[in-house]
Amino acid sequence: MLQIGLIGIGAGAAAALLFASVTSGTLLSIPLFYLAPLPIMIAGLGWSHWSALIAALAASAALSATFGGLFFFAFLTGAGVPAWWLCYLTMLARPADETIINSPVVSGVGSGAAPTPAALEWYPPGRLVVWSAVLAALVVITAVPFLGTDGDSFRAALAKSLTGVLYGDNDASGASASSGNKALVALLVVAVPLAAAVLATATNVVNLWLAGRIVKFSGRLTRPWPALADMTFPPLVALALALAVAVSFLSNLVGILAGVVAASLLMAYGVLGFAVLHAITRGISSRAFLLGGVYASVLVFGWPVLSLCMLGLAETAFGLRARAARKRGLPPPRI
């Protein structure tokens, strides 16, 4: 228990330093800021989810003591609790429903031998991606009331903040009053909450993947590495996405919040799209070049991820991986 606590405190210190780097205002601080949950996830996957919880609380307390109580709330809700919860879910396991009967050929015992428990069934990676999206949406939704408690006040406060960031404190006769600038600010008022949800979802997924690879390399990862290309989503996720998209057309605060949920879930389907792409390109000679080009285009331009989102939705509707497997005479992906 002492080791778990010490690891948690050390991971919390590292996470607090990464999170606080954003106060420097340098370009390097931006990627460091988004990597703040990584030490917490490493502690959670490598030692215990209790270590991750201690790390989240220690980092929040350190930031609060240094920068004030707002940093405590921002880190705990934006990075600490999501990182801890994802670690907790990742390491959940239960005995599989089936049992394996000892084979006389393998074990040398008779067919009447008692069955042994099958391998553990670990929390599915597809559900972890969905949880990453849900947590990202909750983080953005939690921040919305700080700008306004209704749609008009939220949009007005966000527009004022964006105008100040882009054009400074110009008055109505300055550059901020031009029609082009107003149109840009109006566009950003709509796009910023959605982009924040997408970025938060991607941050959760990437940090969890990085933490898993690091802990696996160190030899401390107790769960087997999942077949990410075969991940699936629960059927209700598509229904939730459709409902969120429909409600997002409302002009009030409910519509804004629904748009945040829709953006997060759509990004989750983008991750599923990557999994589908990995699965259906198996056996293709130019697979490495194709996958490398897709990843590079998404990292450089961003918008090509929409194609992956559509691919993930198409997989849900038509079962593209199963169709590709049948054409090659391979077993379909495990559900």
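Contact map, the range 157-182: first residue at pLDDT 70 or above, second residue part of a loop (DSSP other than H, G, I, E, B), Cβ cut-off under 8 Å, separation 6 or more or different chains; pairs are Ala157/Leu147; Ala157/Gly148; Leu158/Leu147; Leu158/Gly148; Ser161/Leu147; Thr163/Asn170; Tyr167/Gly174.
Every test in (1) open to solvent by 20 Å² or more (accessible area, probe 1.4 Å); (2) farther than 19 Å from Pro124 by Cα is passed by Thr316 save one, and that test is (2). Does Ala191 qualify as being of a type in the set (Gly, Ala, Ser), under 20 Å from the mean Cα position of the chain (by Cα) and under 17 Å from Tyr123 (Cα atoms)? Criteria not met by Ala191. Per the conditions (1) outside any helix (DSSP H, G or I); (2) over 21 Å from Ala196 (Cβ atoms), the sole criterion not satisfied by Leu277 is (1). Here the range 276-303 is the region considered, the condition is being under 18 Å from the mean Cα position of the chain (by Cα) and open to solvent by less than 70 Å² (accessible area, probe 1.4 Å), and the residue that is farthest from Ala202 (Cα to Cα) is Val276. When restricted to residues that are open to solvent by 50 Å² or more (accessible area, probe 1.4 Å) and under 19 Å from Ala133 (Cβ atoms), the range 233-253 contains 7. Scanning the range 209-232 for residues that are of a type in the set (A, V, I, L, M, F, W, C) and open to solvent by 30 Å² or more (accessible area, probe 1.4 Å) yields a count of 8.
Yes or no, residue by residue, for (1) touching a strand residue (DSSP E or B) at 6+ places or on another chain (Cβ under 8 Å); (2) within 15 Å of Met231 (Cα to Cα); (3) of a type outside the set (Val, Ile, Thr):
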| site | (1), (2), (3) |
| --- | --- |
| Val271 | no, yes, no |
| Leu277 | no, yes, yes |
| Ser285 | no, no, yes |
| Tyr295 | no, no, yes |
| Pro304 | no, no, yes |
| Ser307 | no, no, yes |
| Leu313 | no, yes, yes |
| Ala322 | no, yes, yes |
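Among the residues of the range 217-232, count how many are charged (D, E, K, R) and within 18 Å of Val129 (Cβ to Cβ).
2
Take Thr26 and decide whether it is open to solvent by 50 Å² or more (accessible area, probe 1.4 Å), out of contact with any strand residue (DSSP E or B) (no Cβ under 9 Å at 6 or more places or on another chain) and assigned to a loop (DSSP other than H, G, I, E, B). So Thr26 passes the test.
Screening the candidates Thr201, Thr222 for the property of being in a helix (DSSP H, G or I), out of contact with any strand residue (DSSP E or B) (no Cβ under 6 Å at 6 or more places or on another chain) and under 27 Å from Ala52 (Cα atoms) yields one hit, Thr201. Within the range 291-299, at least one residue is of a type in the set (A, V, I, L, M, F, W, C), modelled with pLDDT under 95 and within 30 Å of Ala186 (Cβ to Cβ).
The values are calculated or read from the model by the stated rules, or taken from the named source; none is laboratory data. Quantities reported herein were computed from a predicted structural model and do not represent experimental measurements. In this analysis, Cβ positions are derived from the backbone assuming ideal geometry, glycine residues included, and neighbour counts consider all displayed protein chains. With ligands, DNA and RNA removed, areas are computed over all heavy atoms of the protein, side chains included. Shrake-Rupley method; radii C 1.70, N 1.55, O 1.52, S 1.80 Å.
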